[in-house]
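I have placed the structure first, in the form of structure tokens, so that the comments after it can refer back to it.
Where a number appears in this text, it was derived from the coordinates with a stated rule and is not lab data. Because the structure is a prediction, the values reported are computed rather than measured. A quick note on method: Cβ atoms are made from the backbone with ideal geometry, for glycine too, and the neighbour counts reach across all protein chains shown.
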């Protein structure tokens, strides 16, 4: 009987310890999952070439004009639209060349072209730099459109007969780079597409 | 006189409403545990990386995530987090970005690695213990390299995180803590709103009785 008492006491003690441990360790748990998404922005532009109709009231997409005579003008309105989600800096290159009737470039006439073709470049909003690009002076916000780089291509009255039956080809290319984290202005910006 | 009284009441109501909404306008993501005293998490918004959208090369963007214990009874919760990594197809984009997660209180870093990796959050990682009404803030920073290639324009990457909670009863020895947010202000504003409505109704009834 005397030996039983310590055994019962031991069992009771163990029970008390186990119960208190159980109480301390008891807890509810819950898990849940969340999907977190990171998206990258973009820089997208669209070069717009329009022309005024004969009465000048409406703008329509530019179409090639034939039979242009010296002393006349061709309407060609060049703008750039920001179609992306972010503000961008914009620059444009304009390459003009003369092709003969067979479609081959006449380098001699191309070289003299500046004397006979006049383009009304908007030098208020665009700045021509030594690298050969016209830079739009301000950043173009998402959805915005630049002021026209030019609106008229004028053939000089002095254009010589050598230009008869030739084609003036204007290759215009627009480039954009992000405004964010990219210099204080368009002239300091880098990352222009090649 | 009546007109003036009406104007004042209208102004007071508008003021109460505007104050209520402006106080509630937080720009952080929240992980709440125990809303409506339920033992489950609520993520608001559903995507905790609310600020990490439309990221651009050279960006360094921060995101605050607040984890709240909203259980009404006195329970303390231990919060854990682990990352399951990037979803399939996200790896290449996310590997370009660097993500850092740190505790706002002591600025201890919990995660600092390319965003596609699980790194220090591969296993369940203890965030902290939060008492009823308390909170823990995490500060996240996402670094986008300026050299990020054009190919990643409009790229989308997603990362799965898991949260785990363990509930414990509060011991009498535990420090008294709680949410020190503006719950009192909200309660006061609610009471004020009710009082104003009651006054309006009483005035209207009184006026109707007078007119009869």
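Tabulated results
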quantity: Sorted by Cβ density within 10 Å, fewest first, the residues A:134, B:131; calculated: B:131, A:134
quantity: Label-to-label distance, nm, for residues given as residue A:113 and residue B:210 (7 Å Cα→Cβ offset); calculated: 8.7
quantity: Taking chain A and dividing mean pair separation by its residue count, relative contact order in percent (alpha carbons under 8 Å, at least six apart); calculated: 26
quantity: Full-extension gain in nm, residue B:197 to residue B:154, via 0.36 nm per residue minus C-alpha separation; calculated: 10.4 nm
quantity: Cβ-based exposure ranking for A:152, B:109, in which fewest neighbours within 10 Å come first; calculated: B:109, A:152
quantity: Residue A:181-residue A:130 FRET efficiency (beta carbon distance; Förster radius 35 Å; 0.05 resolution); calculated: 0.85
quantity: Rel. contact order, % - alpha carbon contacts under 8 angstrom, at least six apart, segment B:27-179; calculated: 31
quantity: Exercise: per-residue mean of other protein chain Cβ atoms within 10 Å, A:85-93; calculated: 1
quantity: For a label point 7 Å along the Cα-to-beta-carbon line of residue A:33, residues of segment B:94-126 with backbone N under 18 Å; calculated: B:116-119, B:121-125
quantity: Peptide B:47-59 - average C-beta neighbours from other chains (10 Å radius); calculated: 6
quantity: FRET E, pair residue B:146, residue A:161, Förster distance 56 Å, beta-carbon r, rounded to 0.05; calculated: 0.55
quantity: At R0 = 35 Å, FRET efficiency that the Cβ-Cβ distance of residue B:107 and residue B:38 yields, to 0.05; calculated: 0.60
quantity: Helical mean residue ellipticity (222 nm; -39500 (n - 2.57) per DSSP H run of 4+; nearest 500) of chain A; calculated: -4500 deg cm²/dmol
quantity: Peptide B:152-161 - average C-beta neighbours from other chains (10 Å radius); calculated: 5
quantity: Hypothetical label at residue A:64: residues of segment A:135-178 whose amide nitrogen lies under 15 Å (7 Å Cα-Cβ projection); calculated: A:165-172
